[in-house]
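To keep things clear, I will list the structure first and then write my remarks on it.
We did not get these values from a lab; they are worked out from the coordinates using the rules stated. Source: prediction; values computed, not measured. Glycine gets a Cβ as well: all are built from the backbone with ideal geometry, and neighbour counts include every protein chain shown.
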Amino acid sequence: MKQIQAVHSEDFKSYDTEKIRERFLLDDLKATDKANFVYSHYDRMVTGLITPVNSVVDLGNYDILRADYFLERRELGVINVGGAGTIVADGTSYDLNKKDCLYLGKGVKDVKFSSKDASNPAVFYALSAPAHTSHPTAFASHADVFSADLGALETANQRTISRYIHKDGIQSCQLVMGLTSLANGSIWNTIPPHTHDRRMEVYFYFDVEADQRVIHFMGEPQQTRHIVMANHEAVLSPTWSIHSGAGTKNYSFIWGMAGENLDYADMDTFPVAELR
Ligand SMILES: O=C(O)C(=O)C[C@H](O)C(=O)CO
Ligand SMILES: [Zn+2]
C-alpha cells in the first residue's frame, strides 16, 4: 500500500505542479480484479478503489496496518460508482447499485466484493479511518438518504449533496461521507469554499467524461493553487486547505472526512471575493 506523508501549509506555498500532484493526488487507483489503497498520514485515512470485474475481490490485509485483519481497529465506508455489485461481509450479502453506500464497523473480518455483470462492472470507492469501537453494519441507498439542493444555474453551481455517514445518519467513529452531483450546465463545487480545522477531507471525482477534467482548487484561502483531475482520481485536502473545483462539464464527487467531530456543518466559509 502506497503511503503519503502530511504537508505543512508554509511548505506548500513553494510547491510546483509535479510536487502538488505527488503529495496530494491519488491516481491509478483503478485496477481490474484488484483492491488498491493509499495510506495517508492525514488522520490515517486509507483511500482506495475495489474493482471486481471477472472475479471476487477480497478487502485484503496489509503490512502497513500491522493488524490481524483490515478492520481489526478500523471502520470502512464504501460507495459504488459503477454498475450493480455485491459486498459480502462476514457471510451477509448486500447489493449496491450506483451511488449506494455500505458502512462496515470495527471487527468485521471477511469482506468480499463482486460485480453482477462484467460488461458493466461495479467500482467500489472506499474510505477507512481508525475506529475505537464497533458500530453496526449499515446500508443506505442513494434515494433514501438526506439530500440538499444548493447553488443556482446563474452561478453555475447548482448541485445536490447527499449525506450518508454523518452525525444524524449512519453512525461511525470518525468517518463522514457522502456525494455531490452537479446539475447539467453547472460546473462549480463547494463555492463559497471552506476549511474545517477539525477534519481532513478527500474528494474523489467520478462521472467525469474521458475528455473532460475538473480543476480542483486547494491551499489556504489567500494562497490557492490548483490540480487538474481526471475521472476516478482522488485528492487529499489537509485541514488548512480549501477544497473546491470547477469542471469543464458537470460531474459528481464523493467527499469523505475523518478527525475531531462528525458534524458536516462545522466549517469555516470564505467569501469568494476574499480568495487569492
Ligand atoms: O459541493 C459542495 O459544497 C460539497 O459537496 C462540499 C462537501 O460536502 C464538503 O466539502 C464537506 O466538508
Ligand atoms: Zn469540506
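Among the residues of segment 168-193, those identified as in a loop (DSSP other than H, G, I, E, B) and near ligand 1 (Cβ under 8 Å from one of its atoms) are Thr190, Ile191.
Yes or no: Ala122 away from ligand 1 (no atom under 13 Å from the Cβ), buried (at least 22 other Cβ atoms within 10 Å of the Cβ) and assigned to a loop (DSSP other than H, G, I, E, B)? Considered against the rule, which asks whether it is away from ligand 1 (no atom under 13 Å from the Cβ), buried (at least 22 other Cβ atoms within 10 Å of the Cβ) and assigned to a loop (DSSP other than H, G, I, E, B), Ala122 comes out as yes. Determine whether His194 is within 16 Å of ligand 2 (Cβ to nearest atom) and surrounded by fewer than 21 Cβ atoms within 10 Å (Cβ to Cβ). It is true that His194 is within 16 Å of ligand 2 (Cβ to nearest atom) and surrounded by fewer than 21 Cβ atoms within 10 Å (Cβ to Cβ).
For Ile79, the conditions (1) within 18 Å of Phe37 (Cα to Cα); (2) more than 16 Å from the chain's Cα centre (by Cα) all hold with the exception of (2). Taking the residues in segment 198-216 that are within 15 Å of ligand 1 (Cβ to nearest atom) and surrounded by fewer than 21 Cβ atoms within 10 Å (Cβ to Cβ) as candidates, determine which candidate is nearest to Asn80 (Cα to Cα). Result: Asp207.
The set of residues from segment 242-276 being of a type in the set (A, V, I, L, M) and not in a strand (DSSP E or B) comprises Leu262, Ala265, Met267, Val272, Ala273, Leu275. Restricting to segment 7-41, name every residue that is more than 26 Å from Leu59 (Cβ to Cβ), of a type in the set (S, T, N, Q) and assigned to a loop (DSSP other than H, G, I, E, B). Residue satisfying the conditions is Ser14 alone. When residues in segment 146-164 are screened for being more than 9 Å from ligand 1 (Cβ to nearest atom), surrounded by 15 or more Cβ atoms within 10 Å (Cβ to Cβ) and part of a loop (DSSP other than H, G, I, E, B), 2 of them pass.
Any idea which residue in segment 249-261 is nearest to ligand 2 (Cβ to nearest atom), counting only those that are surrounded by fewer than 23 Cβ atoms within 10 Å (Cβ to Cβ) and within 20 Å of Leu179 (Cβ to Cβ)? Per the criteria, the residue is Trp255. The residues of segment 171-191 that are over 30 Å from Ser134 (Cα atoms), β-branched (Val, Ile, Thr) and within 16 Å of ligand 2 (Cβ to nearest atom), listed by number, are Thr190, Ile191.
With the condition kept exactly as written, say whether any residue in segment 262-276 is within 16 Å of ligand 2 (Cβ to nearest atom), crowded, with 22+ Cβ neighbours inside 10 Å and of a type in the set (A, V, I, L, M, F, W, C). Looking for residues that are within 16 Å of ligand 2 (Cβ to nearest atom), crowded, with 22+ Cβ neighbours inside 10 Å and of a type in the set (A, V, I, L, M, F, W, C), one finds none in segment 262-276, hence no.
Among the residues of segment 197-232, those identified as of a type in the set (A, V, I, L, M) and either within 24 Å of Ala265 (Cα to Cα) or within 14 Å of ligand 2 (Cβ to nearest atom) (or both) are Met200, Val202, Met218.
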